[in-house]
Each structure stands twice: as C-alpha cells, then as structure tokens.
Amino acid sequence: MTVVIGFEGSANKIGVGIIRDGEVLSNPRRTYITPPGQGFMPSDTARHHRAVILTVLKEALEQAGLKPADIDCVAYTKGPGMGAPLVTVALVARTVAQLWGKPLLGVNHCIGHIEMGRLITKANNPTVLYVSGGNTQVIAYSERRYRIFGETIDIAVGNCLDRFARVIKISNDPSPGYNIEQMAKKGSKYVELPYTVKGMDVSFSGILSYIEEAAHKMLSSDQCTAEDLCFSLQETVFSMLVEITERAMAHCGSQEVLIVGGVGCNLRLQEMMGVMCKERGAKLFATDERFCIDNGAMIAQAGWEMFKSGQVTELEDSWITQRYRTDEVEVTWRD
C-alpha cells in the first residue's frame, strides 16, 4: 500500500490531504477570508498559510491515524498559482520530506483537480471543464498529455464572478461565488450581457467591464435587483462554458464530461451542463465542495499516480512556478 501526503496552497485555501491507494484518509483545510469588497493579496495570503499550515498538517495526520513513518511520499503544489502562498507551502513540504526522509513530488495544480475528479466520480476518459478563480480550460487526454482544447483568453470565470461580487459588496464568506449562486436563485429578470466565445476560447473581461460599469446605474435606477444581476451573469458565463465544452466533446467524440475546480461545485453550472449532456446522450460527472474546491487530497492523489509511475522530484528541482500549463506535464500514469 502506498500512502501519499499532499500540500495545497496556491491561492486562499491551505489544505493537507492523505491518500492511501485511492482512499481519502484525511483532507482538512483552512480558507483566508477577506472583508466584502476586497480580494486577497499574495503576501497576506502567505502570512495566513504560514500561521495555520502546521496545525492543518497535525490534523491531517491525526484524522488519518498515521505517523510520519507511515507516509511514503510528500507531494506539494508546484504551480500554477500565487507566488508567495506557493513558496510557503513548498518550503513546508520540502522541510517535512527531509525531516521524515521521504521522496518529494511537485504536482501541477490543474492535474491535481483532474485526477481527484477521476478518482471520486470514476469517470473513464472524460472531456474536462476546469473552472476556478485562476483557470478556465477545456481539457481532454491524448497521447500522454492533458491537451487544452479551449481556454479563457483573459481572466478566469471564477475571477470574473469574484470581482463582480466585490463591485456590489457581496460577502467573501464562505466564498463570493457561493454567495452569488444563492442570490442568483432569487433573480428573475435576465439582463442582457456581452457573450464572447471565440471558436474554442472564451473571454470574460468584457462582460466584467460591462457589468462593473452598469451595475450601480441599473441598481440605483431600479432597473433590476442585485439578484437579477447575479442570475444574468451566471446564465451568460455558464452558457459560454457549456458551448465550448460541447464543441470539445464533438471534436473528441467524447461521451463523458467532468467538471472540476472551485466553480465546478456551482449547481446551476452542473444543471446547464447536464441538459447539454442529456441531449447528446452523454454522462456528466461532478464532485461537491469537499473535492471541487482546492484541497490537499487532490495533490496527494496526483502525487500518488506520479509516484506509482516512477516519478520523484529532486530537492534541487523542487521550486515553484506561477505559470505552469496543464499540457506541460507528461502523463506517465495513463495509457
């Protein structure tokens, strides 16, 4: 049996998870939450991670009922993500690996999401929609790489939602995206917003600029409610995502869709994707907030797959990188 511990801290979540041969033994995490109207700065986020990471590590070991001697490999997020938080987590992972005398593995954050999604849902060879605060990509596996078929050409969908939440001062607790989702359920009037799909790619900066400028005018003149704007923004951006996912499915001849990433736990996105899949006779796979939102177990799972296929990261190569594309990684663990 192979046991891998995974450290994740590429954005405002810090998590440590332990996986033993496909079984999640523990997966505690903490979230750095800022006041309404504010985002999270890299230095402040890293300070938060430094303050709690050892507590989370202790929790992970206690919940799993394991000692350091039981761990076979230490995995950490190499990138992509925010520089200062990534460095914090890499430092702890590196130190722990040396203290415990265990091999180290730098994991691509995006591949962590994909492998966790595949493990939990048992999807075989899905077209993957990866949607989060930092990334928006449509991905499919081909010839030892996760190939990117379409992506955002500017900002990520989660970033678009988060920044809109700041404009109308929606709470960041538990997350701006979750609060937009709840408000959108009460919206009834659809406000037309820019819809930008360019072939296989999407753009969210235009829709954000438009709604940032229009929001206060429309709200102050009672043209619509904040709930209507949340509803309209969700419907528009999710329609764009469903369109490019369907196009990738047609290209790949795929009959499975897997949604991963923090935005992936949005039930309205899952519902819209489900309608498209039903029309195509395809199956939709998604996970809940335990595994959609950044967590340590997903890094442990990708690390487990990499470790079993013979990969390790030497200490001198255990740096981090803020830019690390999904298709840069050779997938040695799949046929």
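Quick rundown of the values:
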read-out: Identity of the residue in the range 214-256, of a type in the set (Val, Ile, Thr) and touching a residue at least 40 places away in the same chain (Cβ under 8 Å), that ends up surrounded by the fewest Cβ atoms within 10 Å (Cβ to Cβ); value: 236
read-out: Identity of the residue in the range 257-286, β-branched (Val, Ile, Thr) and more than 16 Å from residue 124 (Cβ to Cβ), that ends up most open to solvent (accessible area, probe 1.4 Å); value: 275
read-out: Spans of helices (runs of 4 or more DSSP H) in the range 221-301 with at least 3 residues touching a Leu at 6+ places or on another chain (Cβ under 9 Å); value: 226-252, 267-280
read-out: Residue check for residue 78: over 23 Å from residue 171 (Cβ atoms), not in a helix (DSSP H, G or I) and not aliphatic (A, V, I, L, M); value: yes
read-out: Within the range 142-168, tally of residues that are in a strand (DSSP E or B), in contact with a strand residue (DSSP E or B) (Cβ under 8 Å, 6 or more places away or on another chain) and open to solvent by 30 Å² or more (accessible area, probe 1.4 Å); value: 4
read-out: Test: residue in the range 107-130 that is surrounded by fewer than 21 Cβ atoms within 10 Å (Cβ to Cβ), in contact with a strand residue (DSSP E or B) (Cβ under 6 Å, 6 or more places away or on another chain), of a type in the set (A, V, I, L, M) and assigned to a helix (DSSP H, G or I); value: no
read-out: Hits in the range 57-81 - residues which are surrounded by 22 or more Cβ atoms within 10 Å (Cβ to Cβ) and touching a Pro at 6+ places or on another chain (Cβ under 8 Å); value: 60, 73, 74
read-out: Odd one out for residue 178, checked against (1) more than 30 Å from residue 30 (Cβ to Cβ); (2) in a helix (DSSP H, G or I); (3) open to solvent by 50 Å² or more (accessible area, probe 1.4 Å); (4) not basic (Lys, Arg); value: (1)
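The values are calculated or read from the model by the stated rules, or taken from the named source; none is laboratory data. A quick note: this is a predicted structure, and the numbers were derived from the prediction, not measured. No Cβ is skipped: glycine too gets one built from the backbone with ideal geometry, and neighbour counts run over all protein chains shown. We work out accessible area using only protein heavy atoms, side chains counted, and drop any ligands, DNA or RNA first. Shrake-Rupley method; radii C 1.70, N 1.55, O 1.52, S 1.80 Å.
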